[in-house]
Structure formats: C-alpha cells, structure tokens
Amino acid sequence: MERSSGTKRIAFVQACWHRDVVDEGRDAFLAELQRHGLGSDRVDLYEVPGSLEIPLQAKLLAKTGRYSSIVAAGFVVNGGIYRHEFVAQTVLDALMRIQLDTDVPIISMVLTPRNFHEHEAHQEFFHEHFKVKGAEAAQACVKTLENLRKVLAVS
C-alpha cells in the first residue's frame, strides 16, 4: 500500500493501564505494517487513560474523516473486583457501534485474560502474547483496507 493507493492515515488508540504489555502490541503492530509497506509515518498514536476511554477517542477520530482505519489497544484485567469482563464487553460493543455508524473500520486489540497476576510468568506470557496480537492486528488492518479499496472501486 502506497500513498497513492487512497489509504489515508491509521489511528492507533492505546490505553495506558498495563502500558508495558500494551506497548508490545503497538510496537509489533508498527513493525508488521512496515513489513507490508506501510510506514509508521502513516500512523498517528493516541493514548487514553484506560480502555473505557478508547471508544470516545475512536469516535472522535472516525468523525474527522482523516483515517482509513482505527486500531484500539488495551489490556483489561481482573483487578480483584469482578468488572473486567463487563468493561471489555462494553468497550467492544461501543467500538462495533462506532465502526458501523461511521464506516471507519476499527481493529480491536482490547484483550481481557481469564486470569492475570502480576508475577513473572504471566508478565512474560502476556508481553509475548501482545506481540502476536499486534502483528495480527496489522495483518487485519492491511486486509481490511484492501477490501475497502475493492468495495469503493466498484461503487
């Protein structure tokens, strides 16, 4: 994908909770995009405090018309008060609604593990897991943009 392909910019919205883990996904996302010929100079990075703040940021970005796609990244963990599944579902439902309302695709890397404890084994596992998910998000983003170009070329 080159500048002449019609691809605008990509927005990457990242929650800051568990930044060390989420940063791994962001870095892998940017590296994989580069492998597909889309440089990081085409990606605008945004940070929000937590995952619940991602949907509003994504909606505002989508409404600008500057972005071909938006990637949302967050790590929602069970902090001892059962609400992580509710938070993750709320965020994903909102992101789905935003993409359907604005026609701007949103790729989600908002993940919530069943179990997460801040000990070395889990830290290591989720650091590596987010690297994989970052690369997968980039691949999904590239494929989605290709599909959009095909649809728009027909209409």
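All of the numbers you see were taken from the coordinates with simple rules; none came from a lab. Everything numeric here is computed off the predicted structure, so don't read it as measured data. Neighbour counts are summed over all protein chains in view; Cβ atoms, including those assigned to glycine, are modelled from backbone coordinates with ideal geometry.
Between Asp44 and Asn147, what length comes free when the chain is fully extended (0.36 nm per residue of separation minus the Cα-Cα distance, one decimal in nm)?
34.9 nm
Around Val48, which amide H atoms from residues at least 5 apart in sequence, or from another chain, sit under 5 Å from its own amide H, with H modelled in the peptide plane?
Excluding prolines and chain starts, which carry no amide H, the hits are Gln14, Ala15, Cys16.
Which of the peptides 98-106, 22-30 is most tightly packed, and how do the rest follow, judged by the mean count of other Cβ atoms within 10 Å per residue?
22-30, 98-106
Quick one: Phe86, Phe126, fewest Cβ neighbours within 10 Å first, how do they rank?
Lowest to highest Cβ neighbour count: Phe86, Phe126.
Sort Ser69, Ser51 by Cβ crowding within 10 Å, fewest neighbours at the top.
With the sparsest Cβ surroundings first, the list reads Ser69, Ser51.
Most exposed first by the Cβ proxy, i.e. fewest other Cβ within 10 Å, how do Cys141, Cys16 rank?
Fewest-to-most Cβ neighbours within 10 Å comes out as Cys16, Cys141.
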